[in-house]
Amino acid sequence: PFMVLLVLAGLQMLPRDCYEAARVDGVHPVKVFFGVTLPLLWPALAVAIAFRALDALRIFDLVYVLTANSTSTMSISVYARQQLIDFQDIGYGSAASTLVFLTVGLAAFAWLRLVRQRSGNVA
């Protein structure tokens, strides 16, 4: 639902002038989508993709609730919790939590740079 709201907000921000100009010029609707809509929607799509990817990296609740203590479906967040709570191993649990934090931070930074370079705003 959140991704749909982000994309819907991006769609509502698109200027109508571009579509009117394309219609007056007789551009095919598929070309309008790929030539007008998609490039203008790219910032909203980039934010939606970033949120979804970062949520996937930090997944904990679904894995923990659906599989309980199964070691065959363990994510890094579940592993960190297991080390900290179940095994009382503060060192490994803290290291795993720090690894999750650094991975999410680096992924967000890399994605932000990629999006800025693609849109022409090099930081």
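Any chance the stretch 50-58 includes a residue that's surrounded by fewer than 12 Cβ atoms within 10 Å (Cβ to Cβ) and at pLDDT 85 or above?
Restricting attention to the stretch 50-58, the residues satisfying the condition of being surrounded by fewer than 12 Cβ atoms within 10 Å (Cβ to Cβ) are 56.
Pick out the ones that are also at pLDDT 85 or above and you get none.
No, there is no match, as no residue in the stretch 50-58 is surrounded by fewer than 12 Cβ atoms within 10 Å (Cβ to Cβ) and at pLDDT 85 or above.
Of all the residues that make up the stretch 1-57, how many are more than 12 Å from the chain's Cα centre (by Cα), of a type in the set (Phe, Trp, Tyr) and either within 20 Å of Ser119 (Cα to Cα) or assigned by TED's automatic domain parsing to the domain that holds Ala107 (or both)?
3
Can you find a residue that is modelled with pLDDT under 85 and surrounded by 14 or more Cβ atoms within 10 Å (Cβ to Cβ) anywhere in the stretch 4-13?
Looking for residues that are modelled with pLDDT under 85 and surrounded by 14 or more Cβ atoms within 10 Å (Cβ to Cβ), one finds none in the stretch 4-13, hence no.
Taking the conditions exactly as written (loosely packed, with under 11 Cβ neighbours inside 10 Å, within 28 Å of Phe2 (Cα to Cα) and without any contact (Cβ under 8 Å) to a residue 40 or more places away in the chain), does Asp61 satisfy them or not?
Values: loosely packed, with under 11 Cβ neighbours inside 10 Å: yes; within 28 Å of Phe2 (Cα to Cα): yes; without any contact (Cβ under 8 Å) to a residue 40 or more places away in the chain: yes.
Yes; evaluated as a whole, the condition is true for this residue.
Of the residues that make up the stretch 77-93, is at least one modelled with pLDDT under 85 and under 18 Å from the mean Cα position of the chain (by Cα)?
Yes.
Enumerate the helices (runs of 4 or more DSSP H) found wholly within the stretch 15-123, keeping only those where 1 or more residues are of a type outside the set (S, T, N, Q) and touching a Leu at 6+ places or on another chain (Cβ under 6 Å).
Those helices (runs of 4 or more DSSP H) span 38-57, 90-119.
Of the residues Val100, Val36, Val104, Val47, which is of a type in the set (Val, Ile, Thr) and free of Cβ contacts under 8 Å to residues at least 40 places away in the same chain? So that I can check it myself, show each step before the final result.
On the way: Val100 fails: free of Cβ contacts under 8 Å to residues at least 40 places away in the same chain; Val104 fails: free of Cβ contacts under 8 Å to residues at least 40 places away in the same chain; Val47 fails: free of Cβ contacts under 8 Å to residues at least 40 places away in the same chain.
Exactly one of Val100, Val36, Val104, Val47 is of a type in the set (Val, Ile, Thr) and free of Cβ contacts under 8 Å to residues at least 40 places away in the same chain, namely Val36.
Hey, could you check the stretch 75-93 for residues that are among the hydrophobic types (A, V, I, L, M, F, W, C) and touching a helix residue (DSSP H, G or I) at 6+ places or on another chain (Cβ under 7 Å) and say which is nearest to Val104 (Cα to Cα)?
Restricting to residues being among the hydrophobic types (A, V, I, L, M, F, W, C) and touching a helix residue (DSSP H, G or I) at 6+ places or on another chain (Cβ under 7 Å), the top hit is Ile76.
The values are calculated or read from the model by the stated rules, or taken from the named source; none is laboratory data. Computed from a predicted model, the values in this text were never measured in an experiment. Heads up, the Cβs are rebuilt from the backbone with ideal geometry, glycines too, and the neighbour counts pull from every protein chain shown.
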